[in-house]
Protein chains: 2
Amino acid sequence: MTMTISHNALANAIRILSLDAVEKAASGHPGMPMGMADVATVLFKDFLRFNPTDADWPNRDRFVLSAGHGSMLLYSLLYLTGHPECTLDQIRSFRQWGSLTAGHPEYGHMPGIETTTGPLGQGLATAVGLAVGERLMNARVGDDLINHFTYVIASDGDLMEGVSQEAISLAGHLRLHKLIVLFDDNDITIDGRTSLSTSDDALQRFQASGWKAMRIDGHDPAQIQDAISQAQTHDRPTLIACKTTIAKGAPTKAGTSSSHGSPLGAAEVEATRKALNWPNPPFEIPADILAEWRAIGQRHQQTYQQWQDRYQQVTPEQITKLKKAISADWHQPLNALKEKFANEQPKQATRQLSQTVLETLVPQLPNLVGGSADLSGSNNTKTKTHHAVTAEDFSGNYVNYGIREHGMAAAMNGLSLYCGFIPYGGTFLVFSDYLRPALRLSALMQQGVIYVLTHDSIGLGEDGPTHQPIEHLASLRAIPNVNVFRPADGVEVAECWQLALEQRQTPSVLALSRQAITPARLSHTSENLCAKGGYVVRGNASASQVTLIATGSELGIALDAHQQLEAQGIQSHVVSLPCWRLFDQQPKEYRQQVLGKGLRVGIEAASAFGWSSYLRSDDIFIGMNGFGASAPASVLYEQFGITVDQVIKKINEKLLEKEKK
Amino acid sequence: MTMTISHNALANAIRILSLDAVEKAASGHPGMPMGMADVATVLFKDFLRFNPTDADWPNRDRFVLSAGHGSMLLYSLLYLTGHPECTLDQIRSFRQWGSLTAGHPEYGHMPGIETTTGPLGQGLATAVGLAVGERLMNARVGDDLINHFTYVIASDGDLMEGVSQEAISLAGHLRLHKLIVLFDDNDITIDGRTSLSTSDDALQRFQASGWKAMRIDGHDPAQIQDAISQAQTHDRPTLIACKTTIAKGAPTKAGTSSSHGSPLGAAEVEATRKALNWPNPPFEIPADILAEWRAIGQRHQQTYQQWQDRYQQVTPEQITKLKKAISADWHQPLNALKEKFANEQPKQATRQLSQTVLETLVPQLPNLVGGSADLSGSNNTKTKTHHAVTAEDFSGNYVNYGIREHGMAAAMNGLSLYCGFIPYGGTFLVFSDYLRPALRLSALMQQGVIYVLTHDSIGLGEDGPTHQPIEHLASLRAIPNVNVFRPADGVEVAECWQLALEQRQTPSVLALSRQAITPARLSHTSENLCAKGGYVVRGNASASQVTLIATGSELGIALDAHQQLEAQGIQSHVVSLPCWRLFDQQPKEYRQQVLGKGLRVGIEAASAFGWSSYLRSDDIFIGMNGFGASAPASVLYEQFGITVDQVIKKINEKLLEKEKK
């Protein structure tokens, strides 16, 4: 291939496409694509291994635009290199209803978008998960099949967000040497110059976490090329700080914060066209330049074919590992365990029962990658057969994420996006607050990441209100596309794990107790009753005056109350409601039948917020209406009135009141 | 004062008290207090300026135990130095119901606890706010009145959490040279050795953010003393990494992760007593050692008296600045502005109206400290009279927090805890996810921090689902002691600001629109109607068939629907519900009267989660039931069916359905 087209012409194609699209949308971020056009051109032209017509090629290099607001950089590259879904029409309908070219890159909109970015820091932290995925898969299927780089373009904002530190630190610890971060070091944020709010030495900071780091002129193709070439040889992850001018090419707005998040305006667009010697009308790329870009898109055809040839020769097991496929082998042992729980009635904490489930599942599911944010023993996430992932050995299946909940969740997103991995990770339920931005992306990207969140109520006791979740069940239930499971006993724990594993397009939260529970399910059924989200676990709904509705550790209170009511001659039934979202998806008839016609009592050691979906204004809620306190769990339940006695007392009062009416 | 008691005896008093208390509670964290006893002893004996009988002395040094799980370190010190509230009985009832000695230090439980800690990273990040507070107050009232150090004890966990990076970076940028962090560098976390999950060079990391950093033997009193002395002279914040042995003194468990979070057990406690040559029974401190500690508590009496003498001579304005007092001067201008809004009916975004309010308030409220996480122009948080805080000049009243939402919120907690400051800070509502752990502490500590969260719905348009809050109103409303305000027009914005400012024990969220709104309040009333949380803004509730309930930018839809229903001959009334929590606190009668007896329609461009508190199963909710999308705001409202037409259509369907029954 003879290079007749200059680097500048190639880079300017990105600049002009980006500013045209932003101008037409009358909203967007032109500065970043224009500033990083040179870096991106060199990366795509000389390094990035990809195939536009098979964007999911497992051994492609991953490219993550962490600075997602610069989405037009990515869309320009996808269009120019010939990704069939990224047409010129898509570029023209940037940021419009129904287009695939959203304001920020949305995973699933089109191939070539490796992950959803925009909330700052997430792309970088997710890329660490992708890079871990590469090493794990490499250790499983060998160099011949998986051996590629993960490139990230990150902005000042990405590096200022705390989650970036968690990600950088984890990447350095695991020596993810195939991770290369290109930092758009343009000294500009939305509010003005970065000197308004930061004085960090980025190179030193990354070096402190064991990275290689260098600084280059981000507009000099030779320096960019040298830097990436060097980075590829490092035995550590590499930061390349690229000194750039935001909106490079725009005569008056280059280097200013005004070019960050608004269209340049017709006059400046015109002036930029002149300055870049680009006479063509909007969205029109000269044929020779487009041809050169398309040729770049075809550069790796031979490599791709060779890979396909190797792929034809590998074992079925290797192929299985590369695909998001769960073998069916695990259903039978899980069902056997359910039966065992139903027979033996273990009175353990649900977190311990979860560990028992994992002891069965982990050997059956090679794609499962466990971990915890330094609470392995408390979250009961680590099993006897687990083997830790280290910088020296990536054959393991357990990640010690460190005290980095947010970094863990983002890395799990990366792992989930990486071929066939199913990640789960643990922390305390209250610390789900630390990882919410990443959990939200699990939901938005439809990734079946599993969050094992233990110590799920005041039942954790003495650690006190800072560690006792109150509003967390509600605040997680409120997120679209998240299944929040709060199983009540061993059988439910097994069923909820099954549902979490099977649902690959919805993240799951498993809220588990610190304290021992009362077994609720007294006989075995092979049907997964938790799949309906809620069901009658005791009593006869149609003959009942009182419905006792509870989740998790409070189901035991409901069961005891049921028994006492029976003794009083009051008919009641008990509903276990382990997953509201699944219950809400059931037919209305089923829901009404389960919830019953009589007085309803909701019991959950948490905020009442949201319970009004099931309780009418005359019903009863037994739970928390403020923060917890530090004391032994049993004292707290007593003091906060979450007891069988309180339940009975309030029911009797209410029934008396109703009689009087 | 002759020193007859050795350093070791003083430090061992902390060790023994801590392990006794943990042993009696049968839960807690003995390792950290035992490991850091030497550092704490030197700090309290030779440096920390405090007065146990006036723990709120404004010019005291601040001591923040960021590693809050080591709470017995703090309680031991408070008891030993003679803080009257921290009695031996309190130590004995560590972690019990009703005691002031909670599992983690709880602000407000007793003087001497500067801030609630436990969720890792929060103490350090809050301390940065305290240290900013010190500099701000110093610039306002002078060296004579405010000039002290802020000391932090931080753990590996504190430094691994991302929020620590945001805090470190901000502290370095502002050159908070009176901030000194003592890092308990013990190489141990809950899961084992720190080498399981981190390889960071802490010194280099802090240096990269402009800190001074050094490493010492944390068990050598001379080294500790030298290090703190040096740190006091630095023109930068200082990190002192103290190499320590966790549970120092425990013969078999010292240096192991098993001593982190569990009682040592009777045998090890016994062995520790022997090893430390401490024959006394539990909780008994030998008289001479206690006397020496009490003398340490009295060391600064003279300094304290001298300060009090100076304080008697200062101006009333200086005194006002030091106290959490709001002058009443601002009510009148705010009321005038309300009247102006009622008369002029500005059709602006509520974020812009909020800026107008701030233009009035900021000059009137010298204690108000504004800021934004790099979205000043978008959050409309910066006014014409604001003056930025910089490393060179702390007389300002606006903090450029950088792209560090979490660090901002924690720093605001520190500012709020610091004498008279009232902090507010801005970001997009969707990014409240990044700062939740700190916001939760605002609520738990009863600090009236004000969160200005703009771009509060799909109404932000093209930036798409990553930037569009859906579940955020619900998830914030679910937190105890948080007032979530979503004002609908200028008048409501002014009223909600007033409520947020007046409520000093409850943090407030102001959820503000990006897009222009329809004014709702057509006439002026000096009464603050938003104070009731919800009220009838149009129509006659008693004669109404349909109640239209809305918040913020959707109130305009309700008003238009009301008009159309009138035209159809259907009586309706419109309820504005800017603050659910305040509404829920009104008498039942009022609430029923406002909500009406007819069909209810809730309208909010957000998740329905929680709306069932006001809507019965037969009512209508118009809002979101999934994530948003990237398109112009008006298109999104149309596509997601949040329009007047949809409201009318659904009401007509429902009324017809009811007629048929």
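Readers should treat all values here as calculations from the given coordinates under stated rules, not as data from a laboratory. On a predicted model such as this, the values are computed, not experimentally measured, just so you know. Neighbour counts run over all protein chains shown; Cβ positions are idealised from the backbone, glycine included.
Centroid-to-centroid, using Cα positions, region B:555-572 and region A:424-474 are 42 Å apart. The mean sequence distance of close C-alpha pairs (under 8 Å, at least 6 residues apart), as a share of the length of chain B, puts its relative contact order at 11 percent. Across every direction, the projection of the convex hull enclosing the Cα atoms of region A:39-174 has a mean area of 8.3 nm².
Work out the length of the dipole vector of region A:263-415 about its Cα centre, built from +1 on the beta-carbon of each Lys and Arg and -1 on the beta-carbon of each Asp and Glu, and round it to the nearest 20 debye. Write down the numbers at each step before the final one.
Working: 15 positive and 15 negative charges, 78 e Å.
It comes to approximately 380 debye.
Taking a straight line from the alpha carbon of B:K654, these lysines sit under 18 Å away, with near neighbours fewer than eight places off in the same chain left out: A:K588, B:K597.
Less than 5 angstrom separates the built amide H of B:T117 from those of B:Y107, all sequence-distant by 5 or more or on a different chain.
Considering only region B:345-496, what is the antiparallel percent among its DSSP beta bridges, to the nearest 5? Write down the numbers at each step before the final one.
Values: 1 of 13 bridges.
Around 10 percent of the beta bridges assigned by DSSP in region B:345-496 are antiparallel ones.
Translational diffusion of region A:510-572, estimated by Stokes-Einstein from the Kirkwood radius over alpha carbon pairs at 25 °C in a medium of 0.890 mPa s, is 189 µm² per second. Applied to region B:392-402, the Karplus parametrisation 6.51 cos²θ - 1.76 cosθ + 1.60 on θ = phi - 60° returns per-residue 3J(HN,Hα) values of 8, 8, 9, 7, x, 9, 9, 9, 7, 6, x Hz, with x for Gly and Pro.
Put a point 7 Å out from Cα along the line to Cβ at A:R294; what are the distances to that point in the other copies, in nm, shortest first? So the distances to the same position in the other copies read 9.1 nm. Binning the C-alpha pair distances of region A:608-661 at 10 Å intervals from 0 yields a P(r) profile of 21, 43, 30, 6, 0 %, listed from the shortest bin outward. Straight-line reach from B:K384: taking Cα to Cα under 12 Å and skipping same-chain neighbours fewer than 8 places apart, the aspartates and glutamates in range are B:E359.
Quick note on region A:216-276: its Rg to Rh ratio, both from C-alpha atoms and Rh being the Kirkwood radius, is 1.15. Of all DSSP-defined beta bridges confined to region A:7-307, some 10% are antiparallel rather than parallel.
Counted over region B:96-233 with a bin width of 10 Å, the fraction of Cα pairs per bin, in whole percents, is 11, 36, 36, 14, 2. For region B:530-660, the extents of the C-alpha atoms along the principal axes are 42, 35, 24 Å, listed from largest to smallest.
Charges only on Cβ, +1 for Lys and Arg, -1 for Asp and Glu: so what's the dipole of chain B about the Cα centre, in debye to the nearest 20?
Numbers: 56 positive and 66 negative charges, 185 e Å.
Roughly 880 debye for chain B.
Give me Rg/Rg_expected for region B:1-74, where Rg uses Cα atoms only and Rg_expected = 2.2 N^0.38 Å with N residues.
Numbers: Rg = 13.4 Å, N = 74, 2.2 N^0.38 = 11.3 Å.
My calculation over the Cα atoms of region B:1-74 gives 1.19.
Quick note on region B:7-307: its Rg to Rh ratio, both from C-alpha atoms and Rh being the Kirkwood radius, is 0.94.
Given DSSP loops and a limit of at most 16 other Cβ atoms within 10 Å, what is the longest stretch of chain A that contains no such GluC sites (Glu not before Pro)?
Values: sites that count: A:E85, A:E284, A:E392, A:E527.
Free of exposed loop sites, the longest segment is A:86-283.
Note on region A:314-381: Kirkwood radius taken over Cα pairs, Stokes-Einstein applied at 20 °C and 1.002 mPa s, translational D equal to 156 µm² s⁻¹. The alpha-carbon atoms of the protein assembly as shown define a convex hull whose volume equals 172 cubic angstrom per residue.
The separation of region B:1-73 from region A:43-68, counted between C-alpha centres, amounts to 55 Å.
For region B:431-473, what is the Kirkwood hydrodynamic radius in Å, using each pair of distinct C-alpha atoms?
Details: mean 1/r = 0.0859 Å⁻¹.
Evaluated on region B:431-473, it is 11.6 Å.
For chain B, the Kirkwood hydrodynamic radius comes to 26.7 Å, computed from all pairs of different C-alpha atoms. Normalised by 2.2 N^0.38 Å, where N is the number of residues, the C-alpha radius of gyration of region A:328-512 stands at 0.95.
Computed from the mean reciprocal separation of all distinct C-alpha pairs, what Kirkwood hydrodynamic radius does region B:343-423 have, in Å?
Details: mean 1/r = 0.0745 Å⁻¹.
Result for region B:343-423, one decimal place: 13.4 Å.
Region B:483-534 and region B:604-661 have Cα centres spaced 24 Å apart. Magnitude of the charge dipole for region A:328-512, about its Cα centre and with charges confined to Cβ atoms of Lys, Arg (+1) and Asp, Glu (-1), is about 260 debye. Based solely on its DSSP helices, what 222 nm [θ] is calculated for chain B when runs of n ≥ 4 H residues each add -39,500 (n - 2.57) and the sum is averaged over all residues, nearest 500 deg cm²/dmol? Using -39500 (n - 2.57) per qualifying helix, the result is -12500 deg cm²/dmol. Taking amide hydrogens as placed 1.01 Å from N in the peptide plane, the amide H of B:V449 sits under 5 Å from those of B:S508, each at least 5 positions away in sequence or on another chain. Around the amide H of A:G426, modelled in the peptide plane, lie the amide H atoms of A:G371, A:S372, A:A373, A:V452, all under 5 Å away and 5 or more residues distant in sequence or on another chain. Across region B:249-263, coupling constants 3J(HN,Hα) worked out from phi with the 6.51/-1.76/1.60 Karplus curve, θ = phi - 60°, read x, 7, x, 9, 8, 4, x, 10, 6, 5, 8, 5, x, 9, x Hz, and Gly and Pro carry x.
Restricting to chain B, compute how many DSSP beta bridges are antiparallel as a %, nearest 5.
Working: 7 of 62 bridges.
Of all bridge pairs located within chain B, approximately 10 percent are antiparallel.
Per residue, the convex hull spanned by the Cα atoms of region A:402-495 amounts to 107 cubic angstrom.
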